[in-house]
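Novice: If you scroll down you'll find the structure; I have some questions about it.
The values are calculated or read from the model by the stated rules, or taken from the named source; none is laboratory data. These numbers were taken from a predicted model, which means no experiment stands behind them. Note that each Cβ is placed from the backbone with ideal geometry, even for glycine, and that neighbours are counted across all protein chains shown. Quick note on the areas: whole protein, heavy atoms, side chains included, nothing else; ligands and nucleic acids left out. Shrake-Rupley method; radii C 1.70, N 1.55, O 1.52, S 1.80 Å.
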Amino acid sequence: MANPSAVCNGHLHHHHQKQNNLLKSGIFKKNGITKGMKKNGVSNGTLYKKTFIEHFEQAPMYVAVFTFVGFAVGTIFGYLRDFMRAWGLEKRNIAAEREQQKDFVPLYQDFENFYTRNLYLRIRDNWNRPICSVPGPQFDLMERVTDDYNWTFRFTGRTIKNVINMGSYNYLGFAETDVNALKTVTIELEKYGTGVCSTRQEMGTLDKHVELEKLVAKFLGVEDAMVFGMGFATNSMNIPALVGKGCLILSDELNHTSLVLGARLSGATIRIFKHNNMQSLEKLLRDAIIYGQPRTHRAWRKIIILVEGIYSMEGSIVRLPEIVSLKKKYRAYLYLDEAHSIGAVGATGRGVVEYFGMSPDDVDVLMGTFTKSFGAAGGYIAGRKDLVDFLRTHSHSAVYATSMCPAVAEQIIRAMKCLMGLDGTAQGLQRVRQLEKNTRYFRRKLHEMGFIIYGNDDSPVVPLLLYMPGKIGAFARRMLEKNIGVVVVGFPATPITESRARFCVSAAHTREMLDMVLSALDELGDFLHLKYSRYSKSSHPELYEESRLELED
């Protein structure tokens, strides 16, 4: 095995070394908190500089039972209402085949839309709400109502002002409209216009793209980088250029849809390993080396591991030191998606590589997006120069997709220079530190109140478990009544028993804003009986016990 000290020197506290409740999944668990300890026969003390703590507490059994009962009741009534619609007893609003086409192959698969028609529509008002302001720490919301039980909506013309935004990925607060901050963006917009109207390989490469790519490479500490106009396409259109038939992709089971789509489009063989489970990953790596390709047993042309920095639905952070150790041992490649982690973690916002104190050279393909921490759009792939040069020629996005808007490129440059201190201020570092403080404060208070929350203590993505389907709509509606905008997620985007609200903490959130949200959650948690945790410290903690630290101008 590769020398772990070459990855990251350090040690865990001595008492962690003596835990004896190792789970089958390879993680230690105490009071609902998982602690990385030992994987693949190698003590994590030689890989991690600090304790790696993640929360994945299981709900009480009765919660799971009532959750299944809730879905069962909803399904039964769904079939009943479908029966009534079929016999004309209830209005049929759904798309249906024409009578003249009854002998055709159905265009609409009725059963596939059963969930959408009978369960999702009941709480549909909690999604796709249009906002009419910048998605900063607060936003303005266009009010809409329904007269037919969420089949259609109409706007009232009223605007709900100053809703606290707990759902946007504005981690560092760069989604802003300050005239002084956006001065350089305005200049570039006036100079270049809004669109490039060409691909990178034709007439679409501008000096702003070259400047941005050099800055990204410098920010990440790598040889070269290439930027793309769309974050989703950065994964889905570049993975097929890197792997193909005869290659093996090992993908974390919780990877984002863009990674899944890119893997499928590549034509490579895909195998899934359990989330952040090193035993599962090593078994796949070992089998791939021993047995090779199916039927022929030839060696795989490439083996590439696909992981994310922060998993957007779980709030967990990748176990990067252990994965790097495994990829070196078995000579595989590593593709790291830092969409949610770049800018959001690390001492200076350089992502999980910096968070674990590792070298960017340990990761073969560094991918990230500008749609979250940088308040812009698009994505990047960075690494060795020969990798980036290859993508400039073979990337589907470079060949066919329109280039990034120059004003957007300037916004990214502005935000990145701020993070690097190249603007002559320390505001970027202040934002990173403020985000860390807000994240830890918000997570700690939720845990003390008795909520079950998932993920790492340092992750600004905070999933709060709701479980029961009936509570999804009730939670989001009552939070909006308190002028707080939240994102709620349920099946099939999550496991059927793990519906949740997903909060995204921002450096732009003031302590007063977070306290308002926490106070509302405390009250609503009691009203809806959402405090399922068996390891909370107190049911009603004081919210104002810490000194305040606001983001300076």
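Novice: Please tell me if Val260 is part of a helix (DSSP H, G or I) and over 16 Å from Leu391 (Cα atoms).
Specialist: On the way: part of a helix (DSSP H, G or I): yes; over 16 Å from Leu391 (Cα atoms): yes.
So Val260 fits the description; yes.
Novice: Still on this structure, I have one more. Out of the residues in segment 277-314 that are in contact with a helix residue (DSSP H, G or I) (Cβ under 9 Å, 6 or more places away or on another chain) and part of a loop (DSSP other than H, G, I, E, B), state the one that is surrounded by the fewest Cβ atoms within 10 Å (Cβ to Cβ).
Specialist: Looking only at segment 277-314, we keep the residues that are in contact with a helix residue (DSSP H, G or I) (Cβ under 9 Å, 6 or more places away or on another chain), and these are 278, 281-282, 285, 297, 299-300, 302-310.
This time we only want the ones that are part of a loop (DSSP other than H, G, I, E, B), so: 297, 299-300, 302, 309.
Numbers: His297: 9, Ala299: 11, Trp300: 19, Lys302: 14, Gly309: 25.
Taking the candidates together, the pick is His297.
Novice: Mind telling me which of the residues Gly136, Gly195, Gly221, Gly157 ends up being over 30 Å from Ser395 (Cβ atoms) and in contact (Cβ under 8 Å) with a residue 24 or more places away in the chain? So that I can check it myself, show each step before the final result.
Specialist: Details: Gly195 fails: over 30 Å from Ser395 (Cβ atoms); Gly221 fails: over 30 Å from Ser395 (Cβ atoms); Gly157 fails: in contact (Cβ under 8 Å) with a residue 24 or more places away in the chain.
Just a single option satisfies the conditions, and that option is Gly136.
Novice: Which condition breaks for Thr497 when tested against (1) open to solvent by less than 40 Å² (accessible area, probe 1.4 Å); (2) over 30 Å from Val73 (Cα atoms); (3) of a type outside the set (A, V, I, L, M, F, W, C)?
Specialist: The number of the failed condition is (2).
Novice: Ala401 passes all but one of (1) open to solvent by 10 Å² or more (accessible area, probe 1.4 Å); (2) modelled with pLDDT of 95 or more; which number fails?
Specialist: Unmet condition: (2).
Novice: Which pairs turn up if I take residues in segment 347-363 that are within 17 Å of Leu47 (Cβ to Cβ) and look for partners that are of a type in the set (Ser, Thr, Tyr) and in a loop (DSSP other than H, G, I, E, B) with beta carbon separation below 8 Å, at least 6 apart in sequence or on another chain?
Specialist: Val352/Ser341; Val353/Ser359; Glu354/Thr348; Tyr355/Ser341; Phe356/Tyr48
Every residue, every condition in (1) open to solvent by less than 10 Å² (accessible area, probe 1.4 Å); (2) in a loop (DSSP other than H, G, I, E, B); (3) of a type outside the set (A, V, I, L, M, F, W, C); (4) at pLDDT 95 or above, yes or no:
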position: Asp389; (1), (2), (3), (4): no, no, yes, yes
position: Ala409; (1), (2), (3), (4): yes, no, no, yes
position: Thr439; (1), (2), (3), (4): yes, no, yes, yes
position: Asp458; (1), (2), (3), (4): no, yes, yes, yes
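Novice: Looking only at segment 208-218, count every residue that is within 19 Å of Met230 (Cα to Cα), open to solvent by 30 Å² or more (accessible area, probe 1.4 Å) and not aliphatic (A, V, I, L, M) and tell me the total. Spell out the reasoning first.
Specialist: Step one: filter segment 208-218 for residues within 19 Å of Met230 (Cα to Cα), giving 208-217.
Right, trim to open to solvent by 30 Å² or more (accessible area, probe 1.4 Å) and you get 210-211, 214.
Keeping just the survivors that are not aliphatic (A, V, I, L, M) gives 211, 214.
Counting residues in segment 208-218 that are within 19 Å of Met230 (Cα to Cα), open to solvent by 30 Å² or more (accessible area, probe 1.4 Å) and not aliphatic (A, V, I, L, M) gives 2.
Novice: Got a sec? Which of Glu202, Glu176 is more than 30 Å from Val487 (Cα to Cα) and either open to solvent by 30 Å² or more (accessible area, probe 1.4 Å) or acidic (Asp, Glu) (or both)?
Specialist: Details: Glu176 fails: more than 30 Å from Val487 (Cα to Cα).
One residue alone meets the criteria, Glu202.
Novice: Pairs only if they're at least six apart or on different chains, beta carbon under 7 angstrom, first in segment 451-479 and more than 22 Å from Val73 (Cβ to Cβ), second among the charged types (D, E, K, R) and in a strand (DSSP E or B); list them, first residue then second.
Specialist: Pairs that qualify, where the first residue is more than 22 Å from Val73 (Cβ to Cβ) and the partner is among the charged types (D, E, K, R) and in a strand (DSSP E or B), are Gly455/Glu54; Asn456/Glu54; Val461/Arg502; Pro463/Arg500; Pro463/Arg502; Leu464/Arg500.
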